[in-house]
Structure formats: C-alpha cells, structure tokens
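Below is one structure, written out as structure tokens; comments come after it.
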Amino acid sequence: MFAKRLSNITKYVGAHVSISGGVQNAITNSLFIGGNAFAVFLRNQRRWTAPPLDPKNIEAFRENCLQHNYASKFILPHGSYLINLGNPDQEKREKSYQAFLEDLRRCELLGLTLYNFHPGSTVGNCTKEQSIQHIANCINRALKETSNVTCVIENMAGSGNIIGSRFEELADIISRVDDKNRVGVCIDTCHAFAAGYDLRTNKAYEETMQEFSRHIGFQYLRGMHLNDSETELGSLRDRHANIGKGHIGLEAFRLIMNDDRLNEIPLILETPIGPDDELSDYHKEIELLYGLIGKKSPITTNCVKTHITEKNKAKRKSKKSK
C-alpha cells in the first residue's frame, strides 16, 4: 500500500531508494514512503562494471515516472563510491572517468537530468589544486560526450585528502567548468556540519547559507541530502543520524523546510533505516519534515542526549541477553 503524497508543494522530500529487481522499482519504493523526490544508484555502487540496463526496464521507469508525476528535476541519482576524478594517477583516473561517463549515459537513457557524485581525493599524491583541476577536466570532457545531464557535485565531510568539504573548493571546481549550465551542487547537511558549517540556530544557519551564497550561489543548488549527524560540529567524520536525533537537531530542519531558497529541488533522506530495511522509517521522517512547514517557533529540544541514552540502553539490554 502506498503512503499518501502531498500535492501543491514547494518542498520535494524523498529518500534514497533501492532499484533491486529493476530500475523501474525505484518509483514503487518511493511511492511506498510517500516521497515526492527520490535518489537511486544506477548500478552496484561498489563495483566497477555492471550489465547494461534492460530496455524494458528503461521503458517501465520512464512510464512510471510519467504516470506518478516524478519530474526529472526531482530525481537525484547518486554516483559510485569508487569514482575518484581527482586521482593524480592517470590510469586510475581514466577508470573512474569511464565509470562516471557510463553513469551519465544511463541517466540519459532513463530521461534523467541530474547526476550527483562525490568530487574525489588527492589520495595524498598531489595538491588539492591539482586534484580540483583533474575533476574539472573530467567534468568538461564528460559534458562534451553527453547532452542533457547536469553534474551535481556533493560537499564532503572533510576527512583525509577528500576534496569538497569547503564551499570554496566546490566553487573552484565550478569556475573551471566550461558549461556553467550543466554543473551544480548538492548540500549534504551531515557533511556540512562535520566540515564545520553550523546549522543549529537561526543565526548559525543563516551565516552558513550566506557563506554558500557568497562562494557558490543558490543558482547552482540542485539538491540536498537531509541527514542529522552522529558526530559533533567540525568532527570531519561522515556519520549520518536520523532527523532530530543527532548533533544537528530538529531546529536546523525546521529552518530548511521554511527556507524559500530551497524550494523546487530534491531534498533526499539518507538516514539510517531499521535492521530489516524498513522503508516505513523514511515515511515517518518525510511526515516529520513536512510537519515542520509553517512552524515559526524555534525548536530547542535536545534530542541527542535522549537518542544516545536510548541507544546505550538498547546496547546494554542486548549484552545482557547474550
């Protein structure tokens, strides 16, 4: 049974859903949780090669999107975790590029116009500026070999040699892309928080958004990943938590859901779900987020302590039962 989807909206909330059994099943999974947007992996994200998409599944995907009013601008496919366009090793970078290009071509087959990816890493063997140039070169090359897909660069949490934790680095990549109409950014709230961008109060949130506007500009914002954080501000660790149950807290998401600058883009949950892959967890969070629209009073409840206490109790109970 499908969950009810809201209509006449400006905020398009959904989740990252499975394509198990065929890419067309993503729509069914999104409908089940009441999503008005969704994200998918177009193939196994931890393997370099994948069989081609079945033409029947491609047709079914397109038909299902049309039937259920999922416009391409609210579908944000996610690239493979293996891809590193910033690798200074030419052979390894070329392998990443070919996987990147294959994903863009899959987007085109499915009628999708956005493609979200992690920018890459220096792997400790070159400067960040050199890595950024490699990333931009790959994007420019891919845009010449494809027609309609926008490359959406995701901000990162900042660990190790990863590129993209600072807005300035994303802006630097964009500045080197020739076709500015086909490059954009996805803000991951957990990554931003881990990288030191505070979102927890109206003042902190606005300072972060103004910094994004100053360095990049909202004209490049193509989507967001909505995740709370298990780790504290500036931790440089990418650990997603459920909405309102991490160190970011529910107030940040109230601000997001009432920010007109974030209208008409996919807002994608990548939060932890139950041990049995319970999609209903996403449905609850989607309802929670939509319930924040119109709320004007700041939310000051400290959900972190409560959630951590509950987790610790569950761990102790589990140990006792063993």
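Can you work out which of the residues in segment 223-242 that are over 18 Å from residue 76 (Cβ atoms) and among the hydrophobic types (A, V, I, L, M, F, W, C) is surrounded by the most Cβ atoms within 10 Å (Cβ to Cβ)?
Only one residue fits best here, namely 241.
Restricting to segment 77-102, and then to whatever is under 16 Å from the mean Cα position of the chain (by Cα) and surrounded by 21 or more Cβ atoms within 10 Å (Cβ to Cβ), can you tell me which residue is farthest from residue 165 (Cα to Cα)?
For segment 77-102, the residue satisfying everything is 77.
Could you please find all residues in segment 113-154 being more than 16 Å from residue 179 (Cβ to Cβ) and touching a Phe, Trp or Tyr at 6+ places or on another chain (Cβ under 9 Å)?
Passing the criteria: 117, 118, 154.
Mind checking whether some residue in segment 189-196 is within 23 Å of residue 99 (Cβ to Cβ) and without any contact (Cβ under 8 Å) to a residue 60 or more places away in the chain?
Checking segment 189-196: at least one residue is within 23 Å of residue 99 (Cβ to Cβ) and without any contact (Cβ under 8 Å) to a residue 60 or more places away in the chain.
Pairs only if they're at least six apart or on different chains, beta carbon under 6 angstrom, first in segment 37-51 and over 8 Å from residue 80 (Cβ atoms), second surrounded by 16 or more Cβ atoms within 10 Å (Cβ to Cβ) and of a type in the set (Ser, Thr, Tyr); list them, first residue then second.
Close Cβ pairs (under 6 Å, with a partner that is surrounded by 16 or more Cβ atoms within 10 Å (Cβ to Cβ) and of a type in the set (Ser, Thr, Tyr)) amount to 37/12; 38/30.
Just a yes or no: is a residue in segment 179-195 in contact with a strand residue (DSSP E or B) (Cβ under 6 Å, 6 or more places away or on another chain), among the acidic types (Asp, Glu) and within 19 Å of residue 116 (Cα to Cα)?
Checked segment 179-195: at least one residue is in contact with a strand residue (DSSP E or B) (Cβ under 6 Å, 6 or more places away or on another chain), among the acidic types (Asp, Glu) and within 19 Å of residue 116 (Cα to Cα).
Considering only segment 130-147, how many residues are surrounded by fewer than 19 Cβ atoms within 10 Å (Cβ to Cβ) and out of contact with any Asp or Glu (no Cβ under 7 Å at 6 or more places or on another chain)?
The qualifying residues number 6.
Quick check on my filter: what residues within segment 239-268 are among the basic types (Lys, Arg) and either assigned to a strand (DSSP E or B) or more than 14 Å from the chain's Cα centre (by Cα) (or both)?
Correct list: 245, 254, 261.
State which residue pairs qualify: first residue closer than 13 Å to residue 192 by Cβ and inside segment 225-248, second residue crowded, with 20+ Cβ neighbours inside 10 Å and β-branched (Val, Ile, Thr) in any location, beta carbons under 6 Å apart, and separation of 6 or more residues or different chains.
Here the result reads 225/268; 226/189; 227/189; 227/271; 228/243; 228/248; 229/248; 240/271, each pair linking segment 225-248 to a residue that is crowded, with 20+ Cβ neighbours inside 10 Å and β-branched (Val, Ile, Thr).
Condition check ((1) touching a Lys or Arg at 6+ places or on another chain (Cβ under 9 Å); (2) modelled with pLDDT under 70) across all residues:
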site	(1), (2)
253	no, no
262	yes, no
295	yes, no
300	no, no
304	yes, yes
318	no, yes
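Residues of segment 136-179 being of a type in the set (Val, Ile, Thr), closer than 23 Å to residue 211 by Cα and part of a helix (DSSP H, G or I), which ones?
Within segment 136-179, 173, 174 meet the criteria.
State all residues of segment 124-180 that are closer than 16 Å to residue 194 by Cα and of a type in the set (Ser, Thr, Tyr); if no residue qualifies, say none.
Once the filter is applied, which keeps residues that are closer than 16 Å to residue 194 by Cα and of a type in the set (Ser, Thr, Tyr), segment 124-180 yields 159, 165.
Considering only residues that are out of contact with any strand residue (DSSP E or B) (no Cβ under 7 Å at 6 or more places or on another chain) and of a type in the set (Gly, Ala, Ser), which ones fall in segment 1-41?
3, 7, 18, 20, 21, 22, 34
Mind telling me which of the residues 43, 47 ends up being at pLDDT below 95 and surrounded by 14 or more Cβ atoms within 10 Å (Cβ to Cβ)?
43
Name the helices (runs of 4 or more DSSP H) wholly inside segment 1-116 in which the number of residues that are of a type in the set (Phe, Trp, Tyr) and closer than 30 Å to residue 134 by Cβ is 1 or more.
Filter on segment 1-116 gives 90-110.
Return the total of residues in segment 148-187 being over 14 Å from the mean Cα position of the chain (by Cα) and of a type in the set (A, V, I, L, M, F, W, C).
Selection size over segment 148-187: 10.
Consider residue 43 carefully, then state whether it is within 22 Å of the chain's Cα centre (by Cα) and under 22 Å from residue 258 (Cα atoms).
no
Could you please find all residues in segment 1-25 being touching a residue at least 40 places away in the same chain (Cβ under 8 Å), of a type in the set (A, V, I, L, M) and closer than 21 Å to residue 81 by Cα?
Matches in segment 1-25: 15, 17, 23.
Of the conditions (1) over 16 Å from the mean Cα position of the chain (by Cα); (2) part of a helix (DSSP H, G or I), residue 190 fails just one. Which one is it?
For residue 190, the exception is condition (1).
The values are calculated or read from the model by the stated rules, or taken from the named source; none is laboratory data. These numbers were taken from a predicted model, which means no experiment stands behind them. Counting neighbours? That spans all protein chains shown, and the Cβs are built from the backbone with ideal geometry, glycine included.
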